[in-house]
1. How would you classify region 4-45 from its alpha-carbon gyration tensor, with a ≥ b ≥ c the square roots of the eigenvalues: rounded for a/c under 1.5, else prolate if a/b is greater than b/c, otherwise oblate?
2. Mind pulling the per residue volume of the convex hull built on the Cα atoms of region 54-179? Å³ is fine.
3. So what is the 222 nm mean residue ellipticity for the chain from helices alone, if each DSSP H run of at least 4 adds -39500 (n - 2.57) and you divide by all residues, rounding to the nearest 500 deg cm²/dmol?
4. Using a cut-off of under 20 Å, list every residue of region 43-78 whose amide N is near the label point 7 Å from the Cα of ASN11 along the Cα-to-beta-carbon line.
5. Using the beta-carbon distance between LYS113 and GLU67 and R0 = 22 Å, what value does 1/(1 + (r/R0)^6) give for FRET efficiency, to the nearest 0.05?
Amino acid sequence: MKYQKMLDRINSGKESRSNLRKILNNAETMFKNGDDEAKAIIEAINIATPSDTYILFMGFCPDANIENRLDIEWREKGICTFDWEESEGQMAAFQEIRVGDLVVLKKIQVFGKTMEVSGHGRVKSISQDEKGHNHLIMNWSDQQKTIEVPLMGCFSTVNIKSMEKVEEQMPEEFFEWLNN
């Protein structure tokens, strides 16, 4: 295979998410231009773990209505999805989630101050639907306990934070919850 060195780099776990994004963009262009072997690079990136991991604090109640909750279905099916196309910024952010990233289910509790976290899991792989939207294939924990923690960042459904930022801002209770 002509891209074996590239595949070895991708599979090493030493590539940052920004480098993986650049490689993916190039591979997608090459594939669209008829280079069928570039598909192996795309597939490798969809299961590759970047050297820098993120935590996605993911809302699960469309329109902030608990009646619309998606978390039960996500856990049953081992997935996490986001397809609100009207929010281009959030769609783009969701596309940045990679294998190995942690997804924490959240719901705003005290507006502007706290959120309730109710589950978490790691991204195992990523697939795309017919529109090119990522579907995260998840390894959900069986954690059932909910805790209230400080709200991190904005009120969006898709709220990505670096591990360093979370470690700076979250109380010890959050990390104890993650490890149980």
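1. Working: a/c = 2.88, a/b = 1.57, b/c = 1.83.
Oblate.
2. Values: hull volume 13.3 nm³, N = 126.
Convex hull volume per residue, Cα atoms: 106 Å³.
3. Helices in the chain give a 222 nm mean residue ellipticity of -9500 deg cm²/dmol.
4. 43-52
5. Working: r = 24 Å, r/R0 = 1.08.
Taking R0 as 22 Å, the efficiency between LYS113 and GLU67 is 0.40.
Every number in this text was worked out from the coordinates using simple rules, so none of it is lab data. Here the structure is a predicted model, which means the values were calculated and not measured. Positions of Cβ are backbone-derived with ideal geometry, glycine not excepted, and every protein chain shown enters the neighbour counts.
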